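A quick write-up on the structure given underneath.
The values are calculated or read from the model by the stated rules, or taken from the named source; none is laboratory data. The structure presented is a predicted model; accordingly, all values stated were derived computationally and were not measured. Please note: Cβ atoms are built from the backbone with ideal geometry, for glycine as well, and neighbour counts cover all protein chains shown.
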Amino acid sequence: MATGRTSGKVVVKAGLLLLGLICVSLMLSQPVFAAQGISTDELVKSSEVVIAGKVEKSSCHWTKGTVITRATIKVSEVLVGNVDKKDIIVEYEGGKVGDLELMLKDMVTLTKGEEIILFLKAGQSRLAGTAYFIEGKAQGKYIIKNGIATKNGFTLETNHDVVDNNISVKDLTAKIRTNQ
């Protein structure tokens, strides 16, 4: 036969369990990261260079406690700024090295063969030398297919209407050049 003390412990444990489940449910229902839409104008203003090109190759590296992807981009056109080389290096955090994979929310990925437009800033590589880094994470990359520039790989909580998406490459490049 259970005593009052034992049944009281069961009620307290059940109450704590219920409280814990409610807290976990509330945490899961809330957005972890609320990305704000970034306009083409804002991306141009925050970038040193905007290029059109093709991803030639990419490789992932474990360094300084994280995974870095390093991609070589063959530049076909410089839309804003100056680039001295036809091939540039773009780095970003994330990727897969062996069994270790680092995936970050709203992070850009560059895949061999993609035709792209990128909004970039130059900086110190985490691996060696200098590299370019994408402004606005996934919002700083357009994939080009059949004359249309498309963005993906991110979720917006606000400012949906300022993001140019599924826009003709001609209109996008004109908009980029106008906002230099």
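So, Asp164, is that one outside any strand (DSSP E or B), at pLDDT below 90, at positive phi and in contact with a Phe, Trp or Tyr (Cβ under 9 Å, 6 or more places away or on another chain) or not? So that I can check it myself, show each step before the final result.
Numbers: outside any strand (DSSP E or B): yes; at pLDDT below 90: yes; at positive phi: no; in contact with a Phe, Trp or Tyr (Cβ under 9 Å, 6 or more places away or on another chain): yes.
Against the criterion (outside any strand (DSSP E or B), at pLDDT below 90, at positive phi and in contact with a Phe, Trp or Tyr (Cβ under 9 Å, 6 or more places away or on another chain)), Asp164 does not qualify.
Tell me, which residue of region 107-127 that is among the aliphatic types (A, V, I, L, M) and more than 19 Å from Lys86 (Cα to Cα) is surrounded by the most Cβ atoms within 10 Å (Cβ to Cβ)?
Step one: of region 107-127, the residues among the aliphatic types (A, V, I, L, M) are 107-108, 110, 116-118, 120, 122, 127.
Checking the rest, the ones that are also more than 19 Å from Lys86 (Cα to Cα) come to 107-108, 127.
Details: Met107: 17, Val108: 26, Leu127: 14.
Applying the filter and picking the extreme gives Val108.
When region 74-105 is examined, which residues are found to be closer than 21 Å to Gly129 by Cα and not in a strand (DSSP E or B)?
Correct list: Gly81, Asn82, Val83, Asp84, Lys85, Lys86, Gly94.
Just wondering, is there one or more residues in region 106-118 that are in the same structural domain as Ser47 (by TED's automatic domain parsing), at pLDDT 90 or above, more than 17 Å from Lys45 (Cβ to Cβ) and outside any loop (DSSP other than H, G, I, E, B)? Reasoning before the result, please.
Taking region 106-118 first, the residues in the same structural domain as Ser47 (by TED's automatic domain parsing) are 106-118.
Checking which are at pLDDT 90 or above leaves us with 109-118.
Adding the requirement that they be more than 17 Å from Lys45 (Cβ to Cβ) leaves 109-116.
From what's left, outside any loop (DSSP other than H, G, I, E, B): 115-116.
Looking through region 106-118, at least one residue is in the same structural domain as Ser47 (by TED's automatic domain parsing), at pLDDT 90 or above, more than 17 Å from Lys45 (Cβ to Cβ) and outside any loop (DSSP other than H, G, I, E, B).
Quick check on region 77-103: of everything there that is in contact with an Asp or Glu (Cβ under 9 Å, 6 or more places away or on another chain) and surrounded by 14 or more Cβ atoms within 10 Å (Cβ to Cβ), which residue is nearest to Tyr142 (Cα to Cα)?
Checked region 77-103; the qualifying residue nearest to Tyr142 (Cα to Cα) is Val80.
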